[in-house]
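See below for the structure under consideration.
The values are calculated or read from the model by the stated rules, or taken from the named source; none is laboratory data. Remember, it's a predicted structure, so these values are computed and weren't measured experimentally. Cβ placement follows ideal geometry from the backbone for every residue including glycine, while neighbour counts extend to all protein chains displayed. Calculation scope for accessible area: heavy atoms of the full protein, side chains included, ligands and nucleic acids excluded. Shrake-Rupley method; radii C 1.70, N 1.55, O 1.52, S 1.80 Å.
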Amino acid sequence: MSISFFGLDTAVSGLLANQKALEVTGHNVANLGTPGFSRQSAIMATSYIRTYGNWRIEMGVDIQQIRQIRHTFNDNIYRTENNNLGYWETRSKAVSDLEAILGEPMQKGLQVALNNFWDAFQELSKAPESLTVRALVKQRADSLANYLNQLGNQINKLQADLNNEIKVRIDEVNDITKKIAELNVKIMSAEAAGNTPNDYYDQRNQLCDRLSKLLKTDVWETRDGSIDILVNGYFLVSKGEQYRLVAEPNDDLSHFYTPMLEYSGGNIPIDVGQGIIKGLLEARGEVNGAKGSYDNGSPNLTGDITIAVDISNTSADYLANIKAHISTLVDDLKSRGIDYNLRLVTFGGDDPVTNTSFGKNADALIAAIPDTPNAGTANNFADVINAVKSNSYNEGVNKYLFVFTGESINGDGEVTTDDTIRDYIEILNKSGISVSVATNPLYHTEGDAGERGWNIISEKTGGKLYSMAAGTDFASLMESISNDINSDINKKMASIPDNLNIISSVKKQLNALINILAREVNRLHMSGKTLTGEDGGLFFEPLDPNLPIELGNIKISDALKNLNNIAASTSDANGDNQIALSIAKLRNSNLIISNNKVLSLDTYYQNIILYLGNKGNEASTMANSYSNLVAQADALRQSVMGVSLDEEITNMIKYKFAYNANAKVIDAVNQMLETVLYRMGAR
């Protein structure tokens, strides 16, 4: 008898299937404006055919699956471009904020303060005795110092804000990965029960989209419906387990955060690829954030200076001249504001090589140089290298070795081979020691017969050659050495490494500009005379004497509260304006070597602004480009996953007609059965 009712079963299955399809369509329409929603489709198929004896019964239609319409390939394209967009947008915003702080090229930035400062000294050169003009100089200098301190505080605040945002973004990553892990558990449970949790999929995909903007991720879907998320080969999510990122200091004494992966065995440094977090790291600067850190822009004025004296085969006058003029070198270093440490190496005689550190005690070093030569060849330049490379140097210090000799490289009568010289150079470069040599010009380019000259070592280690022969002016020689040390320190201070850091690189350049300016003004000012005939003192001083003059750490010397103490002349003669004029000329003096260019202070500052402008233009252009690519990628995937109201209304009409048709079949079968049961004799 049941076989006779198969038509009713078929109609009922069609009725239920189309009812479910209408519900899915209604769900799509209801979520038309829901972010991240993927449209769904009811997949219908013929029901399993039943067999009763010789009868094969068609059972109608079944809903096989409520399928989510989404394309993984489009998702991957979107997330890749979204990752790049996050990175470049972050860099662009950081540069924009920094440009707003500097206030260039509008007429309100540092350039205006510098121009006013130079102009004040130009005016002082016209009337060096005028107290009115001296008051103008002090007022302009105070304004410059105050502006630099304010500028430093603002840049440091911006850097600190970016550093704090790094921690906030890392916490956001952890919040997202926690939610994804929880959704993985829900999805695995639903799929194990035979359900298709499409709305959970949408929530998880939306979280993955956001995560892709924060850092570069690899997303892998597993057979059980969960996803694994990896960053640089490390799991952030695996099924229902989350691995947290932590924000830790990136170095000793540093307060700058860097992302680390939290593991029970110890936190692991992790490369987050591109994205917002990487953009923040580079905008702040991937450097040590400790106070006074050279990486973060603090000027490095340290010079560890080793004076190596060859005491063999030389005259007593040679040693006496060196002893007499070491103080000239030290005094000149002091006037230039160089933080020096002195060492002495004696070599070339029959006695063992000596290697002693004297700190700032120049008198003790001078006393340690022998008064008379010690002829012999018991040691040579190789022993000098072994001595200096074994020294304990402070981290980041600039290392200089100055060799005073009247002989060739080894001076033992034997030819120093090219291989030996290459070994010397390799050892010195690995130790970061620059070698300069003062010797007879005969040994500059050639040594003993068939041997290279000292120039090969000085050139390959970044040093210089000095002529030292009969009649040499040792005072001028020592001043030249001091000037070259100063120039090399300035060059290293003003040159930025080839990296993608923004604020730390700009700070390094600005601090170099300010420090070089202040030290040059101080050197000239100390060489002059006040109105009362006294020696001039420091013009600029650091607020914190433990740190060099830099952004946020500069002031006018307290002694200049008395305007008479401004040194404008080389003597106390009326009308003498040499010091004021020399300071005014610093504006256009070539004091800085940076990136193989010799620049004045003003030109160097203009290069800083140009550097920042190029960074900003690059970041803005790239951000706009990737914004368009993200919009195109999103449009591409929305064309697949997005809800089309026209399409859904069409489906709704289709399913409604199918529903009505099945309802009419049921009504017809119902009437037929009623006739059979009640009108054909059934009682």
Test set (1) over 20 Å from Leu599 (Cα atoms); (2) in contact (Cβ under 8 Å) with a residue 60 or more places away in the chain; (3) surrounded by 18 or more Cβ atoms within 10 Å (Cβ to Cβ) - Asn515 fails condition number:
(1)
Among what's in the range 32-56 and is surrounded by 15 or more Cβ atoms within 10 Å (Cβ to Cβ) and more than 30 Å from Asp209 (Cα to Cα), pick the residue that is modelled with the lowest pLDDT.
Ser47
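For the range 177-191, does any single residue satisfy the condition of being open to solvent by less than 50 Å² (accessible area, probe 1.4 Å), more than 28 Å from Ala518 (Cβ to Cβ), acidic (Asp, Glu) and over 23 Å from the mean Cα position of the chain (by Cα)? So that I can check it myself, show each step before the final result.
Narrowing the range 177-191 to residues open to solvent by less than 50 Å² (accessible area, probe 1.4 Å): 177, 180-181, 183-184, 187-188, 190.
Checking the rest, the ones that are also more than 28 Å from Ala518 (Cβ to Cβ) come to 177, 180-181, 183-184, 187-188, 190.
Restricting the remaining residues to those that are acidic (Asp, Glu) gives none.
Looking through the range 177-191, none of the residues is open to solvent by less than 50 Å² (accessible area, probe 1.4 Å), more than 28 Å from Ala518 (Cβ to Cβ), acidic (Asp, Glu) and over 23 Å from the mean Cα position of the chain (by Cα).
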For residues that are buried (at least 16 other Cβ atoms within 10 Å of the Cβ) and out of contact with any Phe, Trp or Tyr (no Cβ under 8 Å at 6 or more places or on another chain), scanning just the range 355-369, find the one that is nearest to Glu414 (Cα to Cα).
Asn355
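Conditions (1) without any contact (Cβ under 8 Å) to a residue 24 or more places away in the chain; (2) open to solvent by less than 40 Å² (accessible area, probe 1.4 Å); (3) more than 23 Å from Asn607 (Cβ to Cβ), marked per residue:
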position: Lys108; (1), (2), (3): yes, no, no
position: Val112; (1), (2), (3): yes, no, no
position: Glu129; (1), (2), (3): no, no, yes
position: Gln139; (1), (2), (3): yes, no, yes
position: Gly152; (1), (2), (3): no, yes, no
Looking at the structure I just gave you, is Thr302 more than 30 Å from Lys157 (Cα to Cα), touching a residue at least 12 places away in the same chain (Cβ under 8 Å) and among the hydroxyl-bearing types (Ser, Thr, Tyr)?
no
So, in the range 197-210, of the ones that are among the polar types (S, T, N, Q) and open to solvent by 60 Å² or more (accessible area, probe 1.4 Å), which residue ends up nearest to Ser41 (Cα to Cα)?
Gln203
Against the condition open to solvent by 40 Å² or more (accessible area, probe 1.4 Å) and at pLDDT 95 or above, how does Asp351 come out, does it pass?
no
Of the residues Gly450, Gly462, only one is more than 42 Å from the chain's Cα centre (by Cα) and surrounded by fewer than 18 Cβ atoms within 10 Å (Cβ to Cβ); which?
Gly450
Quick one: how many residues across the range 213-226 are at pLDDT 95 or above and open to solvent by less than 10 Å² (accessible area, probe 1.4 Å)?
2
Among residues of the range 628-638, those that are buried (at least 16 other Cβ atoms within 10 Å of the Cβ) and either closer than 30 Å to Ser589 by Cα or not aliphatic (A, V, I, L, M) (or both), counted
2
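Does Ile69 meet the test of being in contact with a strand residue (DSSP E or B) (Cβ under 7 Å, 6 or more places away or on another chain), open to solvent by 20 Å² or more (accessible area, probe 1.4 Å) and in contact (Cβ under 8 Å) with a residue 40 or more places away in the chain?
The answer is yes for Ile69.
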Before we move on, is Asn574 part of a helix (DSSP H, G or I) and either in contact with a Ser or Thr (Cβ under 6 Å, 6 or more places away or on another chain) or open to solvent by 30 Å² or more (accessible area, probe 1.4 Å) (or both)?
no
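Condition check ((1) touching a residue at least 60 places away in the same chain (Cβ under 8 Å); (2) out of contact with any Lys or Arg (no Cβ under 9 Å at 6 or more places or on another chain); (3) open to solvent by 50 Å² or more (accessible area, probe 1.4 Å)) across all residues:
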{"position": "Leu601", "(1), (2), (3)": "yes, no, no"}
{"position": "Asn614", "(1), (2), (3)": "no, yes, yes"}
{"position": "Met641", "(1), (2), (3)": "yes, no, no"}
{"position": "Asn651", "(1), (2), (3)": "yes, yes, no"}
{"position": "Asn662", "(1), (2), (3)": "yes, yes, no"}
Filtering the range 236-252 for residues that are out of contact with any Leu (no Cβ under 9 Å at 6 or more places or on another chain) and open to solvent by 70 Å² or more (accessible area, probe 1.4 Å) leaves a count of 5
Restricting to the range 435-460, what's the tally of residues that are in a helix (DSSP H, G or I) and either in contact (Cβ under 8 Å) with a residue 60 or more places away in the chain or not β-branched (Val, Ile, Thr) (or both)?
7
First in the range 621-636 and within 17 Å of Val95 (Cα to Cα), second anywhere and among the charged types (D, E, K, R) and open to solvent by 50 Å² or more (accessible area, probe 1.4 Å), Cβ under 6 Å, 6 or more apart:
Ala623/Glu89
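Taking the options Ala580, Ala567, Ala623, Ala619, name whichever one is assigned to a loop (DSSP other than H, G, I, E, B), open to solvent by less than 30 Å² (accessible area, probe 1.4 Å), in contact with a helix residue (DSSP H, G or I) (Cβ under 7 Å, 6 or more places away or on another chain) and modelled with pLDDT of 90 or more.
One residue alone meets the criteria, Ala567.
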Residue list for the range 527-559, restricted to those being open to solvent by less than 20 Å² (accessible area, probe 1.4 Å) and farther than 19 Å from Asn515 by Cβ
Gly528, Thr530, Gly536
Number of the condition not met by Phe381 [criteria: (1) open to solvent by less than 10 Å² (accessible area, probe 1.4 Å); (2) at pLDDT 95 or above; (3) touching a Gly at 6+ places or on another chain (Cβ under 8 Å)]:
(2)
Unique residue being under 30 Å from Ser434 (Cα atoms), open to solvent by less than 20 Å² (accessible area, probe 1.4 Å), in contact (Cβ under 8 Å) with a residue 40 or more places away in the chain and in contact with a Lys or Arg (Cβ under 7 Å, 6 or more places away or on another chain) when the list is Gly289, Gly297, Gly285
Gly297
